[in-house]
There are 2 protein chains.
Amino acid sequence: MRGDVMARKPASDRVLDAAVSAFSELGFHGTSTREIASRAGMSPAAVYTHFSSKEELLFEIARRGNERFLALLHRAAAQGVTPPERLASIVYEFALFHARGHIGARVVNYELPALTTEHAQEIKALRRQMVDVVRSVIEAGLQTGEFDTPDPSMTCVAVMTMGQDVARWYREDGRWAPEEIAAHYRGLVLRMLDAKL
Amino acid sequence: MRGDVMARKPASDRVLDAAVSAFSELGFHGTSTREIASRAGMSPAAVYTHFSSKEELLFEIARRGNERFLALLHRAAAQGVTPPERLASIVYEFALFHARGHIGARVVNYELPALTTEHAQEIKALRRQMVDVVRSVIEAGLQTGEFDTPDPSMTCVAVMTMGQDVARWYREDGRWAPEEIAAHYRGLVLRMLDAKL
DNA sequence: GTCTATATATTGATAGAC
DNA sequence: GTCTATCAATATATAGAC
């Protein structure tokens, strides 16, 4: 990897990128392996030298994507001292990423039912960890009295699905910039929890 | 239609029901017309005497479903006098319906990208009307000073997608009853808007 | 790493009998 | 309103050469 400015990506990454854009646009079942090959600029057969099946390709995308989400949540939760500060950071970064990365996030959040049961369980484990990060911050705030909500688990679900849903309705040519959405959602969530700042 | 207790549904309705359950479970592109026929208890060919194509079947489901949603929103908005009362009713009924009718709601909300452009536009028109019902209530509350939010349009989007998302995460064997979810979401939304009750 | 060619299954939809 | 039989297209995936 000499520091070439135009360094070409490995072929397997080009396949991955092609699959993300196709799955996001057409859905997993709506995408043919020919379509992926075409977007990656190679023959249908070449795809199979990098991934053993279409489902395996989705699994790899889902695994990497959800690991990035989990890391982002950990990083965001560490930004701030009090629970309201931590949650504000979480919601802002989570929504921001779902807007900016809406194409990939749609696949990572909404195409999971197409995974095999084994692969789905591995992804579910990651997603449980994501929920745990958010819930622990909410519960910390309830302990200190800086948050108030009757059912923290359900509130946690609402907060996370709100953020994920940004990827579904966000449009690049829409009226809101990712930062505006992130800031607005941060405010909505802090109010949902009656946060004392 | 003699008032038989066990009156059998028309065959076209059986096809519709079969398609809803299959599309909800497997997605539009993940469902074959043979699968629909099998669930409806008939041969693959029999499906085509009632609907001219698989996409037409989805369109009919989407049209009926979104018309029901629109009617529900109008009905709910009429329940109450002040904007906070109206919005409370809207959020409660909307979330309740998305939990109880989660199977159909998943199709009606999430399979729309599979529609032809013409059909998609017809459904979009219905969905714009749905948004208008909710936004007008939010804006009425801002006028009276009973609501407060910096960007009512984005708040409206957040409120509606929260409700729709219930259909995606709700599980019949989960820990929450539809009524509990509806009541909790009502509280969350009223706080999001800083409602003065 | 990539190709052409192809095996094999499944797809959406139709023909024509009853 | 439903069936059996079937068409034509497309699907995923593999074989074997370079």
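The values are calculated or read from the model by the stated rules, or taken from the named source; none is laboratory data. Since the structure is predicted, the reported quantities are computational estimates derived from the model, not experimental observations. Cβ sites come from the backbone with ideal geometry, for glycine too, and all protein chains shown count toward neighbours.
Do you know which residues across the stretch B:40-62 are within 8 Å of DNA strand D (Cβ to nearest atom) and polar (S, T, N, Q)?
Correct list: B:S43, B:T49.
What's the total number of residues in the stretch B:41-96 that are crowded, with 18+ Cβ neighbours inside 10 Å and among the β-branched types (V, I, T)?
The qualifying residues number 4.
So which residues in the stretch A:12-28 are outside any loop (DSSP other than H, G, I, E, B) and either within 9 Å of DNA strand D (Cβ to nearest atom) or among the charged types (D, E, K, R) (or both), if there are any at all? Before you say what the answer is, go through the steps one by one.
In the first step, residues of the stretch A:12-28 are kept if they are outside any loop (DSSP other than H, G, I, E, B); the result is A:12-26.
The answer is A:D13, A:R14, A:D17, A:E25.
Taking B:V91, is it over 19 Å from B:V189 (Cα atoms), in a helix (DSSP H, G or I) and at pLDDT 95 or above?
no
Considering every residue within the stretch B:72-81, establish whether at least one is closer than 25 Å to B:E118 by Cβ, assigned by TED's automatic domain parsing to the domain that holds B:M162, modelled with pLDDT of 95 or more and not basic (K, R).
Yes, the conditions are met somewhere in the stretch B:72-81.
Restricting to the stretch A:37-72, give me the number of residues that are away from chain B (no Cβ under 14 Å), basic (K, R) and within 16 Å of DNA strand C (Cβ to nearest atom).
Within the stretch A:37-72, residues that are away from chain B (no Cβ under 14 Å), basic (K, R) and within 16 Å of DNA strand C (Cβ to nearest atom) number 1.
Conditions (1) assigned by TED's automatic domain parsing to the domain that holds A:F28; (2) crowded, with 18+ Cβ neighbours inside 10 Å; (3) among the hydrophobic types (A, V, I, L, M, F, W, C), marked per residue:
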residue: A:Y110; (1), (2), (3): no, yes, no
residue: A:E122; (1), (2), (3): no, no, no
residue: A:A140; (1), (2), (3): no, no, yes
residue: A:G145; (1), (2), (3): no, no, no
residue: A:E180; (1), (2), (3): no, no, no
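Looking at (1) assigned to a helix (DSSP H, G or I); (2) over 10 Å from the mean Cα position of the chain (by Cα); (3) not aromatic (F, W, Y), find the lone condition where B:V81 falls short.
Only one criterion is unmet by B:V81, namely (1).
What pairs can you find where one residue is in the stretch A:175-190 and away from chain B (no Cβ under 11 Å), the other is hydroxyl-bearing (S, T, Y) and not in a helix (DSSP H, G or I), and their Cβ atoms are less than 9 Å apart, with a gap of 6+ or different chains?
A:P178/A:Y170
With respect to A:T31, is the statement that it is at pLDDT 95 or above, more than 23 Å from the chain's Cα centre (by Cα) and part of a loop (DSSP other than H, G, I, E, B) true?
When the stated conditions are applied, A:T31 does not pass them.
Is one or more of the residues making up the stretch A:150-162 without any contact (Cβ under 8 Å) to a residue 60 or more places away in the chain and part of a loop (DSSP other than H, G, I, E, B)?
Yes, there is a match, as at least one residue in the stretch A:150-162 is without any contact (Cβ under 8 Å) to a residue 60 or more places away in the chain and part of a loop (DSSP other than H, G, I, E, B).
Scan the stretch B:90-107 and report the pairs whose first residue is more than 12 Å from B:R68 (Cβ to Cβ) and whose second residue is among the polar types (S, T, N, Q), with Cβ atoms within less than 7 Å and a gap of 6+ or a chain change.
B:I103/B:S21; B:I103/B:S24; B:R106/B:S24; B:V107/B:S24
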